[in-house]
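For reference, the structure is listed below as C-alpha cells.
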Amino acid sequence: TVIHSFEKQVVDGWEYLYQNGNQVVDSLGNPIKVDKYITVHAEVEETFQEKDAMIDGMIELIYLPTNERIDYEKLFSEFAFRNHFIIVEGDERALDEEFIAIMPNDFIPFPSNEQMVYDCGEDIKKQLKTLLRRRF
C-alpha cells in the first residue's frame with residue numbers, strides 16, 4: 001500500500017470582474033465573468049494485490065521393455081493474480097488522470113491456494129496431452 005497526496009487548482013464557478021470597486025463590462029455593456037478557482041486536496045491509498053502459484057517439473061517417456069528414455073520435456077505453469085485499486089479521501093478533482101482511471105477498481109478476494117494450484121495443474125495436463133499427441 002502506498003499513500004499519495006494531491007493538490008490542484010480547479011474551476012469552481014465564476015464571478016463578475018471588478019476593478020477599483022466597479023463592475024467591469026465588455027463593449028456591449030455586459031458584465032464580464034471570470035472563472036473562480038479553488039484549491040482541492042485528496043489523499044489516495046493505492047493498493048496492489050498480488051499472488052502467484054507455479055508448478056514446474058519434467059516428464060520422461062520410457063520404453064519399459066528396454067528401459068530406454070524415448071523423450072523428456074520440462075513442463076511449467078504459472079498462475080498470477082493481480083489487482084490494483086485506490087481509496088480516495090478528499091476531493092476527487094485533485095487526482096491525476098492515472099488515478100482517475102483506477103477509481104472503478106475495488107478490492108477483490110484473493111483466490112485460494114487450492115484454486116491457484118488446480119489452475120496450474122489443469123495447464124500442466126494440457127501441456128502433457130500436447131506432448132503425448134505430438135509424440136504418438
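Summary table
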{"read-out": "Some residue of region 32-49 being at pLDDT 95 or above, over 30 Å from residue 6 (Cα atoms) and under 35 Å from the mean Cα position of the chain (by Cα)", "value": "no"}
{"read-out": "Members of region 3-24 found to be out of contact with any helix residue (DSSP H, G or I) (no Cβ under 6 Å at 6 or more places or on another chain), within 14 Å of residue 95 (Cβ to Cβ) and β-branched (Val, Ile, Thr), listed by number", "value": "3"}
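The rows are residues; the columns are (1) charged (D, E, K, R); (2) within 30 Å of residue 98 (Cβ to Cβ); (3) in contact with a Leu (Cβ under 8 Å, 6 or more places away or on another chain).
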| position | (1), (2), (3) |
| --- | --- |
| 27 | no, no, no |
| 34 | no, no, yes |
| 37 | no, yes, no |
| 58 | no, no, yes |
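The values are calculated or read from the model by the stated rules, or taken from the named source; none is laboratory data. Worth saying up front: this structure is predicted, and the values here are computed from it rather than measured. Every residue, glycine among them, receives a Cβ derived from its backbone with ideal geometry; neighbour counts consider all protein chains shown.
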